[in-house]
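Down below is the structure, laid out as structure tokens.
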Amino acid sequence: MHKVIAKIFWIAAALFLLSGTGLCTPYKIYIFMGETCPVSRHYTLTLKKLHTEYASEKLEFIGIFPNRLSTPATIAAFKEKYALPFTCIGDSTHTWVNRLGATITPEVVVADTSNTAIYRGRIDNTFADLGKRRRVITERDLANVLNSLKDEKTPAFRQTQAIGCIITSWQNAKQE
Amino acid sequence: MRPLSLSILAILLAFASPRAETPTFGKDVSSIIYNNCTSCHRDGEIGPMPLTNYSEIAAYADMIKYVTETQYMPPWKPDYNYSQHIGARTLTKTEINTISNWVNAGFPQGDIALEAPMPEFPTGSVLGTPDLVLTMAEPFTIRGDNVDQYQVFVIPTHLTEDREIEAVEFRPGNRRIVHHALIGADITGTARQRDLETPEEYGYESFGAFGAPTTVVLPGYTPGAKPSIYPKGVGHILPKNSDLLIQVHYAPWPLAESDQSSINIFFKKEPIEREVGFISFAPLTTDGETLSRIFRVLLGEERHGGTPVEKIRIDKLFVIPKDQITTFRTTLFIDRDISLLSIYPHMHLLGKYWEVYATDPQGNRTNLLRIEDWDFNWQGNYTFTQYQKIAAGSQIHAITTYDNTTNNPVNPNYPPRNLTWGDKTTDEMLLVVMEYIPYRQGDENIALTVGRGGEISIDFNGNGQRDFADFLLFIQNFGLNRGDTSYQRHFDLNGDGHINFTDFIIFANQYAE
């Protein structure tokens, strides 16, 4: 009898875990940002709006701060100052940068439930180049991806060029 | 102008070193960054990322390489090889290559003992103690919605008599959000009236310009720029009972911050012999007169017995059709000898290209300004390094190009619309205001300078005296250009990157005083 209960327990636990990883793990919207990068600062308003509109149990926003000088304190200060409503983590060792292939701040990587990127690039086309800010935004790339996900469609992988501050690569740095 | 011996030395050195050495931060890069970037890139200034030590600079190494190679930074729009203006914020090719090679080599710190000293950045006025300080009556709070704001503030001068002006220094209250400022004076009370019409906010919004007539347009402010001082015997007159107008451009910002800026005014110590006048053109119709005349009247065309502009011509009506790139050619005919001090070009968001030059009756050409990639957000008043003589019978030509297609990312209209002259963001302008004085023999040899006090000092050895030792030091450094290893900025008196004859003139004038 005990064995039967134990069996049922383990089967239930396994089902729970499976459903957890297979069905309920949210899509992740990773946003690479720099505390002192003006383009990152500019996009805080847009990101807050997108978060309000799309964030759910299935769509999780995570801010990643890859600057070499980022500390928990600088990240917390940025999060508080611009009232960012999502988790922010540091990545000064570039674990996330390398895993997700980010090169710019701000740059977003949207990953599906198996952590495969389905979108990488700009939030929208506000910036045509550094300092060249459109008066009329015509492409809302991240919002489009999030709309598809909200409708439970997984779009094919797409990449755009983010405009902002280049993430300094430390792989070749010579520390003397 | 570089002495022969120095050139030979440089060639010998080039052959002596077996291969190009890897630049290091200490030896090579620190002086470039500290002397060209850090005045804005430090805490509380408009430059967003601080660049005040090795780790801050290394953390942005790839970005610094990119923005210097593309010449996005330092921000300086006029083509430096076309004509020279004081306070040019440019790097030499050598400096750009040094940064690039340093980043490619993994941005080594090198010998920190060789690190350049940090320049002293003044905390107060760079010119000394002002004679009059005019401050915004109250702080102005921006909306903080990531949209540019252009607000005009009206500050009464309370002057009971006309005063002669040597220098005007704009002091941003909040340097993070103040992007640039234009300054003018109004004696008609129009601006004061406009301010009253919007009682809910301090000042009034005006994109195109002041939105009110101005009798004097004074040198404005751009980040990193230093106030210019009018030479001996030359200056503006600030009329009694006038209101000072400042149009402040607040950069797009995601938070509602506030600013309370002020203006330092320095009166002339000796009387003005030649009051600065204005030449302006704002051609709308092909005779060029309709708007130009309004501007000339506003800017006091009666100075010096009437405007030196005989007539203005533009090759077509100032209408910019949609989905097209349009170029206008404007010509001013000058009827007497004058000396130009500065040029302020103005257009809005469709603007792409500026070229202004003069031709004298013999066909000799004087380049005044070229901007290959006009950016409304980096407009400024450009003072020539020397007076530019424009002889009687000369023509001043302006070539301006506007991109009213969807390829222009800052086109305010999507889809594009036909545009013409107007004050709003969605209108366009073609306006030039130049400061001039009647020509006097020898003007072309007079250098125009930036700063005063700490900014320009010929006491190079710091012994408190301008003496022969300083002269020797100056001669030793004569002929060096920015980018040369031994170039030191304080010998470059007009800050144009070259220690040459122009600096010698400034040196001689200071030495004689």
If I ask for residues that are touching a residue at least 40 places away in the same chain (Cβ under 8 Å), out of contact with any strand residue (DSSP E or B) (no Cβ under 8 Å at 6 or more places or on another chain) and more than 14 Å from every other protein chain (Cβ to nearest Cβ), which ones from the stretch A:117-146 would you list? A:Ala143
Identify the single condition in (1) part of a loop (DSSP other than H, G, I, E, B); (2) at pLDDT 65 or above; (3) out of contact with any strand residue (DSSP E or B) (no Cβ under 9 Å at 6 or more places or on another chain) that B:Pro18 does not satisfy, given that it satisfies every other one. (2)
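Per-residue answers, yes or no, for (1) of a type outside the set (A, V, I, L, M); (2) in contact with a Cys (Cβ under 7 Å, 6 or more places away or on another chain); (3) buried (at least 23 other Cβ atoms within 10 Å of the Cβ); (4) at pLDDT 95 or above:
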{"residue": "B:Tyr353", "(1), (2), (3), (4)": "yes, no, no, yes"}
{"residue": "B:Leu368", "(1), (2), (3), (4)": "no, no, yes, yes"}
{"residue": "B:Gln379", "(1), (2), (3), (4)": "yes, no, no, no"}
{"residue": "B:Pro409", "(1), (2), (3), (4)": "yes, no, no, no"}
{"residue": "B:Pro415", "(1), (2), (3), (4)": "yes, no, no, no"}
{"residue": "B:Asp423", "(1), (2), (3), (4)": "yes, no, no, no"}
{"residue": "B:Val432", "(1), (2), (3), (4)": "no, no, yes, no"}
Out of the residues in the stretch B:461-477 meeting the condition of being at pLDDT 75 or above and not aliphatic (A, V, I, L, M), tell me which one is nearest to B:Gln510 (Cα to Cα). B:Arg466
Among the listed residues B:Ile33, B:Ile8, which satisfies the condition of being at negative phi, part of a helix (DSSP H, G or I), away from every other protein chain (no Cβ under 14 Å) and at pLDDT 95 or above? B:Ile33
Quick check: is even one residue across the stretch A:152-173 among the β-branched types (Val, Ile, Thr), more than 13 Å from chain B (Cβ to nearest Cβ) and in contact with a Phe, Trp or Tyr (Cβ under 7 Å, 6 or more places away or on another chain)? no
Working carefully through the options B:Thr52, B:Thr38, find the one that is over 16 Å from A:Thr105 (Cβ atoms), touching a Leu at 6+ places or on another chain (Cβ under 7 Å) and in a loop (DSSP other than H, G, I, E, B). B:Thr38
So in the stretch B:341-371, with the set limited to residues that are charged (D, E, K, R) and more than 14 Å from chain A (Cβ to nearest Cβ), which one is nearest to B:Tyr436 (Cα to Cα)? B:Asp360
Considering only the stretch A:98-137, state which residues are β-branched (Val, Ile, Thr) and either surrounded by fewer than 20 Cβ atoms within 10 Å (Cβ to Cβ) or assigned to a loop (DSSP other than H, G, I, E, B) (or both). A:Thr103, A:Thr113, A:Thr116, A:Ile118, A:Ile123, A:Thr126, A:Val136, A:Ile137
Taking the stretch A:70-105 only, how many residues are under 21 Å from A:Gln171 (Cα atoms) and touching a Lys or Arg at 6+ places or on another chain (Cβ under 8 Å)? 4
Meets criteria (within 23 Å of the chain's Cα centre (by Cα) and more than 14 Å from chain A (Cβ to nearest Cβ)) for B:Thr141: no
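Quick grid of which residues meet (1) assigned to a loop (DSSP other than H, G, I, E, B); (2) over 27 Å from A:Thr138 (Cβ atoms); (3) within 14 Å of chain A (Cβ to nearest Cβ):
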site	(1), (2), (3)
B:Lys389	no, yes, no
B:Ala398	no, yes, no
B:Asn408	yes, no, yes
B:Tyr414	yes, no, yes
B:Thr420	no, no, no
B:Thr425	yes, no, yes
B:Val432	no, yes, no
When residues of the stretch B:53-93 are filtered for being β-branched (Val, Ile, Thr), crowded, with 18+ Cβ neighbours inside 10 Å and within 11 Å of another protein chain (Cβ to nearest Cβ), how many remain? 3
Checking A:Lys81 against (1) away from chain B (no Cβ under 12 Å); (2) at negative phi, which single condition isn't satisfied? (1)
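The values are calculated or read from the model by the stated rules, or taken from the named source; none is laboratory data. If you're wondering where the values come from, they're calculated on a predicted model, not measured in any experiment. With ideal geometry, Cβ positions are generated from the backbone for all residues, glycine too; neighbour counts draw on all protein chains shown.
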